[in-house]
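A quick write-up on the structure given underneath.
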């Protein structure tokens, strides 16, 4: 079984991705983002996005109730149903879900994020958290009946509240609970770049030790993504590919060797 993580960038070629998936014979799960839609909607509503950077160097979006409402409208609303519609048009019997539905992704709310502001260490609390378990029974039921789960945030916390989380962490949780042959992450770049500003600096092969070394040297959102990638690869059973989601055959290209392959 395969998991396809579709990035939320503006240039992601959704039509081509779903066309490719329709040609595959093996079952798959889709996990998707919608960060561009979220930011566009927030601006139209007059809301500012706040980025928090923890004292350990990890960045995340501050998620109060207004921010979570925008996530529900953009991620689990518009983008989720756009992908489900594309799947149905291509003969894939997709079912759109969030981690909240059926407690598909059970999370734990963050106790607080330690940040530095004006020379002081402060604790910021919001509606965000980390995935801790997957409702494997529900996923297996859907897959066994021929449905393709299309999954996104929010997830559910200990008390049944919706919370924001990182899709990279959700993917790692799914991979640790299901036997996945491959995880393909489709982004707005040819793969993992040594220099983010140079698309010619593609790294075609990476090891877990190199991921860990790079994670130790960077800060911000890329630091969080590298940490999640390391966790995803540590089991050693799943092939991980980071490939270009803008291409005409993004999934086929990745399976045939394009992008960055991590082992």
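Quick notes on this structure:
- Note: relative contact order over the chain, using C-alpha pairs below 8 Å and six or more positions apart, is 24 percent.
- Cut-off 15 Å, label 7 Å out along Cα→Cβ of residue 234, residues of the range 159-188 by amide N: 169-177
- Theoretical gain in end-to-end length, residue 204 to residue 222 [0.36 nm per residue, Cα-Cα removed]: 4.7 nm
- Share, in percent, of DSSP beta bridges within the chain that are antiparallel, nearest 5: 40
- Pairwise FRET efficiency - residue 10 versus residue 111, Cβ, R0 = 25 Å, nearest 0.05: 0.15
- Across the range 123-149, the residues whose backbone nitrogen lies under 12 Å from the label position 7 Å along the beta-carbon direction of residue 55 are 123-124.
- Gain on full extension, evaluated as 0.36 nm per residue between residue 141 and residue 195 minus their Cα-Cα distance, stands at 15.2 nm.
- For peptides 132-145, 64-77, sequence by mean Cβ density within 10 Å, most packed first: 64-77, 132-145
- Linear extension gain, residue 177 paired with residue 132, 0.36 nm per residue minus alpha-carbon span: 15.1 nm
- Packing-based order for 93-104, 14-25, using average beta carbon neighbours within 10 Å, highest first: 93-104, 14-25
- Label-to-label distance, nm, for residues given as residue 93 and residue 43 (7 Å Cα→Cβ offset): 4.1
- Ellipticity estimate at 222 nm from DSSP helix runs (n ≥ 4, -39,500 (n - 2.57)) divided over the chain, nearest 500: -9500 deg cm²/dmol
Since every read-out is calculated from the coordinates, none of them should be taken as a lab result. Because the structure is predicted, anything quoted here is derived from the model rather than measured. Cβ atoms come from the backbone with ideal geometry, glycine included; neighbour counts cover every protein chain shown.
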